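The values are calculated or read from the model by the stated rules, or taken from the named source; none is laboratory data. Computed from a prediction, not measured in an experiment: that's the story for all the values here. When we count neighbours, we look across all protein chains shown, and the Cβ atoms used for this are built from the backbone with ideal geometry, even at glycine.
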Amino acid sequence: MPVCFHCNEQLTVSAAAPVGFRDTCAKCHTDLHVCRNCEFYDEGAHHECRESSAEWVRDKERANRCEYFKLRTASSGSKAGSAKTLAALDDLFKK
C-alpha cells in the first residue's frame, strides 16, 4: 500500500487513476508527485534517483513533472518496512 513520505498516511490511489502532478495527501496536504514518494528515489544514487534517464530535481520534497515517477509502496521505502526487514535478519542470525 502506498504511503505519504511526510506523514506515513496510507494513500488510496488506484491503478486507473495514478498520482497527478498536483495531487496532495488528504491528511497533511503535502504534494504527492515528489521524488521522496517515488520508487526510484535513492539517497545513495547519482542525483538521488535510480532512473538514469530522469532529469535532476533540486527539491526532492516539492511537486515536479518527472515522467518516470512511480508511487513508492510502503514495503519499498517506509521505515516500518526497513524495521521489519532488520528484525527478520536479527532472528535469522541469532546464536
- Message: Condition (residue is over 15 Å from the mean Cα position of the chain (by Cα) and farther than 11 Å from R72 by Cα) applied to the stretch 30-45: is it met by at least one residue?
- Response: no
Checked pairs for the stretch 68-88, first under 15 Å from C4 (Cβ atoms), second at pLDDT 70 or above and part of a helix (DSSP H, G or I), C-beta under 7 Å and 6 or more apart or across chains, list as L71/N37; R72/N37
Scanning the stretch 1-35 for residues that are out of contact with any Ser or Thr (no Cβ under 9 Å at 6 or more places or on another chain), under 16 Å from E61 (Cβ atoms) and outside any loop (DSSP other than H, G, I, E, B) gives C35
Being at pLDDT 90 or above and within 14 Å of the chain's Cα centre (by Cα) narrows E51, E67 down to just E51
When (1) surrounded by 10 or more Cβ atoms within 10 Å (Cβ to Cβ); (2) of a type outside the set (K, R); (3) assigned to a loop (DSSP other than H, G, I, E, B) are applied to H47, the one that fails is (3)
